[in-house]
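Working notes for the structure below.
The values are calculated or read from the model by the stated rules, or taken from the named source; none is laboratory data. On a predicted model such as this, the values are computed, not experimentally measured, just so you know. In this analysis, Cβ positions are derived from the backbone assuming ideal geometry, glycine residues included, and neighbour counts consider all displayed protein chains. Note: areas computed on protein heavy atoms with side chains; ligands, DNA, RNA excluded. Shrake-Rupley method; radii C 1.70, N 1.55, O 1.52, S 1.80 Å.
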Amino acid sequence: MITLYHNDMSVCAQKVRLVLAHKKLEWEGIHLNLRAGEQFKPDFLQINPKAVIPVLVHNNNVITESNVICYYLEEVFNQQALMPEDPIKRAELRVWLTRLDAGLHEQVAVISFCLAFRKQLLSRYATKEALEGFLSNIPDPSRAMVMRDMLENGISSPRLTLAIFAYKKLIKDLAYALESNDWIMSSGLSLADFAFLPYIERLEQLQLQELWQDFPQIDEWLTRLRSTDAYKIGMAEWHNQDYIQLMSQSAEPLPAID
Ligand SMILES: N[C@@H](CCC(=O)N[C@@H](CS)C(=O)NCC(=O)O)C(=O)O
């Protein structure tokens with residue numbers, strides 16, 4: 001029995017749902033409303049004291065961290081393999097995924113909050129007391145500090161500038177990888193494609209597709225991925241139109257960065 005604690009629009013939950021769908025696995029979902037703070041409820045904190053999703057529970061074993069969950073699914077359910085056979089290629093793939101844990105995951109959150117979600121949170125926690133209460137719920141002090149910075153500084157946060165730099169570099173690297181291949185790994189469709197798809201789609205939802213206007217191969221890659229059943233089942237069916245509208249209507253212009 002597979003249970004996934006997840007959220008409809010969370011990029012790292014989308015990544016895990018893509019893998020579950022690609023492997024045609026049955027799973028039961030427990031959906032957490034992150035804006036309503038359901039990740040801070042004592043029942044969930046017992047499962048993941050870090051108060052973040054996704055969390056996979058398989059045969060009563062709890063597995064956290066979306067990349068780790070994906071590797072686990074690949075090891076346990078080897079149908080529709082998403083890892084290349086060649087150990088060198090597997091290493092290359094792991095380096096791609098490590099980039100998410102080494103900064104890109106947090107940076108997409110910075111971009112999303114500074115440009116769009118900040119306003120929503122500030123109106124939900126409209127008094128200083130309510131806002132401090134929300135921040136004090138975040139168990140990891142460094143995460144709480146990043147959240148405070150995003151809420152207080154919005155598009156003026158230096159973290160936003162760094163995040164945009166990091167995504168510009170990622171997009172160049174993706175464009176290079178996709179120049180003469182259909183998929184990120186030359187060996188074929190892999191976990192790398194499913195891992196990065198949610199992050200690039202998020203930039204698109206935030207109206208930042210100009211970041212890859214010089215690289216048509218990225219749009220072509222998106223189109224290829226969107227024609228897969230995994231995308232339809234793992235992402236499109238979970239699209240939350242309220243959030244997509246909130247992101248597309250975010251009027252905050254990006255700071256000029258070259
Ligand atoms: N490195 C973790 C990151 C998990 C994470 O940041 N999850 C976000 C959703 S994408 C979350 O649960 N956020 C809760 C919050 O912001 O309070 C992973 O890849 O699973």
Original post:
Can you give the net charge of the other residues whose Cβ lies under 14 Å from the Cβ of I233, counting K and R as +1 and D and E as -1?
Top reply: +2
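May I ask you to work out the translational diffusion coefficient for the chain at 4 °C, viscosity 1.567 mPa s, via Stokes-Einstein with Rh from the Kirkwood sum over Cα pairs, reported in whole µm²/s?
D, rounded to a whole number, is 68 µm²/s.
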Original post:
Expressed as a whole percentage, what fraction of the accessible surface of the chain belongs to carbon and sulfur atoms when a 1.4 Å probe is rolled over the protein heavy atoms?
Top reply: 51 percent
Original post:
Contour minus end-to-end for E85 and E129, with contour as 0.36 nm per residue of separation and end-to-end as the Cα-Cα distance?
Top reply: 10.4 nm
Original post:
Relative to the present Cα-Cα distance, how much length would full extension add between I233 and A36 at 0.36 nm per residue of separation?
Top reply: 68.4 nm
Original post:
Of A130, A51, A163, which has the largest mean-square fluctuation in a 10 Å C-alpha GNM of the chain?
Top reply: A130
Subject >> For the chain, built as a Gaussian network whose Cα springs stay under 10 Å, the top-fluctuating residue of D149, D140, D193 >> reply: D140
Subject >> Per residue, in Å², the accessible surface of the chain once ligands and nucleic acids are set aside, probe 1.4 Å >> reply: 48 Å²
Original post:
By how many nm would the segment from D219 to I155 lengthen if fully extended, with 0.36 nm per residue of separation less the alpha-carbon distance?
Top reply: 20.4 nm
**OP:** Would you please give the residues with an amide H less than 5 Å from that of I30, counting only those at least 5 places away or on a separate chain, with H modeled from the backbone geometry?
**Re:** L4, Y5, H6
**OP:** Take the Cβ-Cβ distance between K50 and E210 as r, set R0 to 22 Å, and report the resulting FRET efficiency rounded to the nearest 0.05.
**Re:** 0.05
Original post:
Once label points are set 7 Å from the Cα along Cα→Cβ at both R148 and D43, what is their separation, rounded to one decimal in nm?
Top reply: 3.2 nm
